[in-house]
Each structure stands twice: as structure tokens, then as C-alpha cells.
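Worksheet: one structure, shown below.
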Amino acid sequence: MPSKLITLILCLTLFNCATDPKDRTTDWPAEKLYSEAQDALQNGDYEQAIKYYELLEAYYPHEDNTQNAQLELIYAYHKFEETDSALTAAERFIQLYPKHSHVDYAYYLKGLIPFEATQSRLDKFFPLDRSQRDQSTALRAFRHFSELITRFPNSRYVEDAQQKMLVLRNSLARHELQVAQFYMVKGAYLAAANRAKTVIESYQQTPAVPEALTILAKSYKVMGLDTLSDDALAVLKLNYPDYQGVHEVNTVVVK
């Protein structure tokens, strides 16, 4: 083999070794690994940040920075769209360090990760009503935010969690309302009434409530349950006197 070709192969081999993160970080102290991971995270290089955080945990599991690194690793996984890894890491951190001064952040991320999963990147190109999608992820986010607020009412993340819960409640309420409307169209009036009641009882003060009351009054009237229909209509008139549904109920034809 020509000597020049041998030299080129050796150079390429040495270059590959030198750029392998695991090889060049073997002798790095914990402080440098943590610093490099934070720099990569701040610069949006989430893949590199994940590598450094994972190496820090592997090389120095008992260092002071390692616990903070595990928290930041959750966020790095999330931004790199490794959702399952992020949620697993968050749950693991909570179990290992329930008394950590920043464990509330892990609870917050458990809500944030599924919440942002409900906000599709395609929305800016193809706007869709999120309430028409599967709501299991939204429910999961809502429950995790609720747990954060219950466990850590003074957390710095509570205000943002509450705002996101409002968004989720509105979406969940719209979903239930759309199902109720579907049942009304299909003539399944009892099912429509039950879905409308869910909106009224579980999602109070959301924009879906007046229409849910309208559906409840209409479905009861069609089924011949006049007293229940009148009660629902009375609540609608009292709380939403100008809503169009107030007049629609009286036009319903009993079958």
C-alpha cells in the first residue's frame, strides 16, 4: 500500500478518535462536563448537551452538579423530542430526590412535556381545532400541572402551569361539547345530555358552558323531561341571558 495512502488513513483514524465525545471527555473533571453541557443546552445543541449530561452522570454519579444535571437532562430530552426519555427521567428524578430544592421543576416538566405535545408544529401551516384530537395527552398534562400546584403552591412555576391549565380546560370542554353535538345530530339524546352535563360540571366558566346548557335543555325537552329542561333553561337564562340558545330551546319539537 502506498505510504501516502497509509498516512491518510492514519490521519482520518486519529481525527475520528479525537472527535469522539466519549474519548476526548474521559479525563474531564465533573465541572468541565457540566459546563460544556450547559453551554450546549443554552446554544440549542440538545443532542450534544444530552451526551455530556449522560457522561457526567455515568462518570460522576455522586458529584454535587450531577443532580442539577439530571434536571437539565430532562429538558434537553424534551427539546430534542425524546419525549419518553424526558418523562422517564422526570419520574426517576422525583423518585430519587423527592426533597430536592428544585424537584418542583421536575413536576412542572411532567406537565409541560405532554402540554407541548398537544401543540403541533403543523398548526402554523394547517390550523386545526385541537379539541378535535385525542384528548388523553391533554388530560395527562392537566393532571400533572394540577399535581404541581397541589404539592408546591408557592412554586415559581405555578402561575405558568395555571395559564396552561386554562388552555387545556377550554380544549377539553370543547371536545366534550363536540361529542354532545354529534350525539344530538344522531338523535342519541341521553348520551348528548350526559356529555353536556360533563361540560357543565367539570369545566365551569369555560366558553363551552352556555352551548352545553342549551344542548342539555334541548335533549331533555325532546325526551319529554320538561322539568329538567326548564331547570337547564333557567340556569342558561340566569347566567347567559343574551345567548342565542335561550331562544332555540323553545323551538325544539318534541318527538
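Tabulated data for the structure shown
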| quantity | calculated |
| --- | --- |
| FRET efficiency estimate (nearest 0.05) - Cβ-Cβ, residue 84 to residue 45, R0 22 angstrom | 0.55 |
| Among the listed pairs 99/197; 110/218; 79/197; 164/197; 32/99; 110/237, those beyond 32 Å (Cα-Cα) | 99/197; 110/218; 79/197; 110/237 |
| Distance between modelled label sites at residue 136 and residue 188, nm, 7 Å Cα→Cβ extension | 1.9 |
| Sequence ranges 213-223, 33-43, 107-117, ranked by mean other-Cβ count within 10 angstrom, highest first | 213-223, 107-117, 33-43 |
| Rounded FRET efficiency, nearest 0.05, which uses the C-beta distance separating residue 147 from residue 59 and R0 of 22 Å | 0.10 |
| Sites residue 163 and residue 27, calculated FRET efficiency, Cβ-Cβ separation with R0 51 Å, nearest 0.05 | 0.65 |
| Alpha-carbon centroids, segment 221-236 and segment 87-122: separation in whole Å | 44 |
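Just so you know, all these numbers are worked out from the coordinates, no wet-lab data involved. Not measured: the values here are computed from a predicted model. Neighbour counts run over all protein chains shown; Cβ positions are idealised from the backbone, glycine included.
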